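Below is one structure, written out as C-alpha cells; comments come after it.
The values are calculated or read from the model by the stated rules, or taken from the named source; none is laboratory data. Fair warning: this is a prediction, and the values are worked out from it, not measured in the lab. Using ideal geometry, Cβ is built from the backbone for each residue, glycine included, and neighbour counts are taken over all protein chains shown. All accessible areas refer to the heavy atoms of the entire protein, side chains included, with ligands and DNA or RNA removed. Shrake-Rupley method; radii C 1.70, N 1.55, O 1.52, S 1.80 Å.
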Amino acid sequence: MDFKSYIAEKIAVAAEGDKEAILALIEKPKDEAMGDAAFPCFSLSRVLRKAPNMIAADLSEKIASDDVIGEVRAVGGYLNFFFNKKLFVSELAEKIIKEGDSYGKSTDGEGKNVVIDFSSPNIVKPFHVGHLFSTAVGNSLSRIYDFLGYKVEKLNYLGDWGTQFGKVITAYKMWGDKEIVEKDPINELNKLYVRFHEEAEKDSSLEDRARSEFHLLETGDEENYGLWNWFREVSIEEFKKVYDKMGITFDSYNGEAFFAKRTDSIVGELKEKNLLTLSEGAYIVEFPDMPPSIVLKQDGSTIYTTRDLASAEYRANTYNFDKNIYVVGLPQSLHFKQIFAILEKLGKDYAKNCTHVGFGTVKFATGAMSTRSGNVVLLETVLSEAINKTAEIMRANGNSEEDIADAANKVGIGAIFYTFLKNSREKDIIFDWDDILDFNGESGPYVQYSYARGKSVMRKAEITDYSGASFDYDITPEEYSLCKLLSEFTDTVRAASEKNEPFYINRYVTNVAKAFNKFYNTTPILKGEESVMKARLLITEATTICIKNALALLGINTVERM
Ligand code: ARG
C-alpha cells in the first residue's frame, strides 16, 4: 500500500483536484504527534476561492477514516493524516524482509553513468588521513550511486607524476637501498622524500639535480623511467593491501602519468581557440572572476592542471558520464573551478556535469598534518590502532576471543569510516579516539552494537517460522516511530546522492539504531503472546536489514555478535 498516493487520491476526489499535483505537495509533518502525512491546503485556495483553514475543515469532513487512513484532522490550513498503524507496520515489515539486501534500492539511475575520482594518493608522498577522508567519502558515494541504480566507475587518479619524482630519484640515487625500499615501499620512499628536503635546505644544488632528474624522466631516460616504474608498482601493491582491508576496489589506477602523455589534443584545442597567454615563462588561461590558471610550462611540460584537463576529456569520451565527481579536499576548490571554467571556455558540454565534492581537514591534538616534515599520521597506523583499540574494548566488555577475532577489524575500520562520514563533509574533523570508539555515543560501534543486539534477540527466540504473526495489538509509540524511520530509507539515500553527502545516511542509521534501542528497552519483545512476539521479531529483523543495508552504504560491515 502506498499510503501517500492513497491519501492524494482521496483528497483529489474530495477537492476535485489533480492527484499528481496533490501528491507532490504532501509533506511529512515536523512533529510526529501531528500525524504521518500533511497536505497544505494553501494551493487550493485560489481555485476554490476559500481560506485554507476553511478548505481543510471541509475536506476533513468529506474524507472519512477507513482501513488505510486511521484519522484525518484539520489543523489551521493543513489537513493532517494518521495512517492505520497496524496496516502500515505489518506491510512495511513484510516488504523489508522480502526484499532483504535489496531493501532501499531504487532504479533512479538506470542507464546513467557516474564517475567518481577518490582516494587518489600520491606516490612517494605519504598516504595520510586526508586521503583517508577522500577514501571514506568516495567509497560511500560510489555505493550510494550504485544502490540507486547508476553505473559507477571508481577511479583512483594516482599522483604518480611530477617534480617530486625528480626529488625522490635524486634521494634514492644518493642514499637509497633497494632491499629496504622493497620491504616497506610507501614509508621508505616517503623517508627519502623527507630526507631530500632536509638535505636540500643545507645544499641548494640538490634542487637543480632533482629538476634535471625529472627532466630525464620526462624525456624517457631508461634508468629513471625504470626507477619511477618500480616506485609506482611497489606503491600500488601496498595501497591495494590497505584498500583490501577496507573493502575497497577501483576500476582504474590511471593517474597523472597516464594523462601526462595524453595532453596534446586538449592543449591543441586551447591554442586553436586562442585561450593561452604567455606570462612570466608559462602559458596561462585568464578569467574575469578568478586568478589565472597556469596550464603549461613554456618548455611545453605539463602540470597538474594540464593533466586534469586531459583526464576530464578522456572520462567524457570513455564513460559518457552523467556526473563526473572529484572527491578532493577543499584547498583544491580553486583548481577545480578553474578546470571546469576552462572546459566551459572550450565549449565542452560535459563541463556542467563535473562536480568538486570537497571536504574539510583532519586535525589531531598535536596540530594539522604536513607532508614534508614527516610529521604525519599514516593511514596504516590509524587503521591498526583502531583495530587494536576495538579489540581491547571488546575484551574489557567480556566478549569471547572468537567474537573479537571476527569483529575487531570490522568494528575498528567501521568506526573510522563512521567518523569521516558523521558530519557534513566540509566540516573539519577532530580526530579523537575516545569519540571514535565510544560504544555508547554517536559512533560506528554504537550502531553496529545495535545491529548485533537485534541479531541476538532473534537467536534467543529460536523462531524460524513467522507464520501466525499478528500486528493486531496496540502498536506502541516506540514501535511505530521505529517503523516510520525504516520506511524513510530510500528517500534518505536519494537526498544523500543529491547533495553528495553521505552523512545523511550516517545520521539516518544512527537514528534507526537509537529508535531500535528505545523499542528494545520499552517493549518486551520475547514476552507475551506468541503472535505478538512473532510480530515484534519481524520488526526486529526488518530493523537489522535496514541497518545492515544503510551501513553498507557507508562502507561499514556489520558483525553478528559483539
Ligand atoms: N593526488 C591529489 C592529491 O593528493 C589528488 C588528486 C585528485 N584528483 C584529481 N583529478 N585531481 O592532492
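Data table
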| quantity | calculated |
| --- | --- |
| Single unsatisfied condition, Ser142 versus (1) closer than 30 Å to Arg211 by Cα; (2) under 27 Å from the mean Cα position of the chain (by Cα) | (1) |
| Whichever residue in the stretch 90-110 is open to solvent by less than 70 Å² (accessible area, probe 1.4 Å) and of a type in the set (S, T, N, Q) and, among such residues, is farthest from Thr355 (Cα to Cα) | Ser90 |
| Selection count, the stretch 492-526, where residues are within 26 Å of Val328 (Cα to Cα) and either among the hydrophobic types (A, V, I, L, M, F, W, C) or open to solvent by 60 Å² or more (accessible area, probe 1.4 Å) (or both) | 10 |
| Given (1) away from the ligand (no atom under 12 Å from the Cβ); (2) farther than 22 Å from Val129 by Cβ, number of the condition Asn324 does not satisfy | (1) |
| Search result, residues across the stretch 111-131 that are near the ligand (Cβ under 7 Å from one of its atoms), part of a loop (DSSP other than H, G, I, E, B) and buried (at least 23 other Cβ atoms within 10 Å of the Cβ) | Pro121 |
| Residue list for the stretch 300-334, filter: within 16 Å of Trp161 (Cβ to Cβ) and not hydroxyl-bearing (Ser, Thr, Tyr) | Gly300, Ile303, Arg307, Asp308, Leu309, Ala310 |
| Filter result for the condition that a residue is open to solvent by 20 Å² or more (accessible area, probe 1.4 Å) and within 11 Å of the ligand (Cβ to nearest atom), over Trp161, Trp175 | Trp161 |
| Residues of the stretch 439-462 satisfying the condition of being closer than 15 Å to Ala515 by Cα, part of a helix (DSSP H, G or I) and in contact with a helix residue (DSSP H, G or I) (Cβ under 7 Å, 6 or more places away or on another chain) | Tyr446, Val447, Gln448, Ser450, Tyr451, Arg453, Gly454 |
| Top-ranked residue in the stretch 259-307 [being under 21 Å from Glu218 (Cα atoms) and of a type in the set (S, T, N, Q); ranked as farthest from the ligand (Cβ to nearest atom)] | Gln298 |
| Residue within the stretch 353-365 that is part of a loop (DSSP other than H, G, I, E, B), out of contact with any Phe, Trp or Tyr (no Cβ under 6 Å at 6 or more places or on another chain), at pLDDT below 90 and not hydroxyl-bearing (Ser, Thr, Tyr) present | yes |
| Asp465 vs. criteria open to solvent by 20 Å² or more (accessible area, probe 1.4 Å), outside any helix (DSSP H, G or I), free of Cβ contacts under 8 Å to residues at least 60 places away in the same chain and closer than 20 Å to Ile96 by Cα | yes |
| Leading residue by the ranking (nearest to Ala415 (Cα to Cα)) among those in the stretch 132-155 that are open to solvent by 10 Å² or more (accessible area, probe 1.4 Å) and out of contact with any strand residue (DSSP E or B) (no Cβ under 7 Å at 6 or more places or on another chain) | Arg143 |
| Yes/no for Ile169 being under 22 Å from Glu199 (Cβ atoms) and within 16 Å of the ligand (Cβ to nearest atom) | no |
| The stretch 178-194, residues that are in contact with a helix residue (DSSP H, G or I) (Cβ under 6 Å, 6 or more places away or on another chain) and open to solvent by 70 Å² or more (accessible area, probe 1.4 Å) | Ile180 |
| Out of Phe250, Phe239, sole residue that is within 30 Å of Thr381 (Cβ to Cβ) and touching a Pro at 6+ places or on another chain (Cβ under 7 Å) | Phe239 |
| Any hit, the stretch 100-108, residues being aromatic (Phe, Trp, Tyr), within 16 Å of the ligand (Cβ to nearest atom) and in a loop (DSSP other than H, G, I, E, B) | no |
| Residue ranges of strands (runs of 3 or more DSSP E) in the stretch 1-89 with at least 2 members open to solvent by 50 Å² or more (accessible area, probe 1.4 Å) | 69-75 |
| Residue within the stretch 149-158 that is more than 16 Å from the ligand (Cβ to nearest atom) and either of a type in the set (S, T, N, Q) or touching a residue at least 60 places away in the same chain (Cβ under 8 Å) (or both) present | yes |
| Cβ pairs under 8 Å, 6+ apart, first in the stretch 67-94 and on the phi < 0 side of the Ramachandran plot, second basic (Lys, Arg) and crowded, with 19+ Cβ neighbours inside 10 Å | Ile69/Lys10; Gly70/Lys85 |
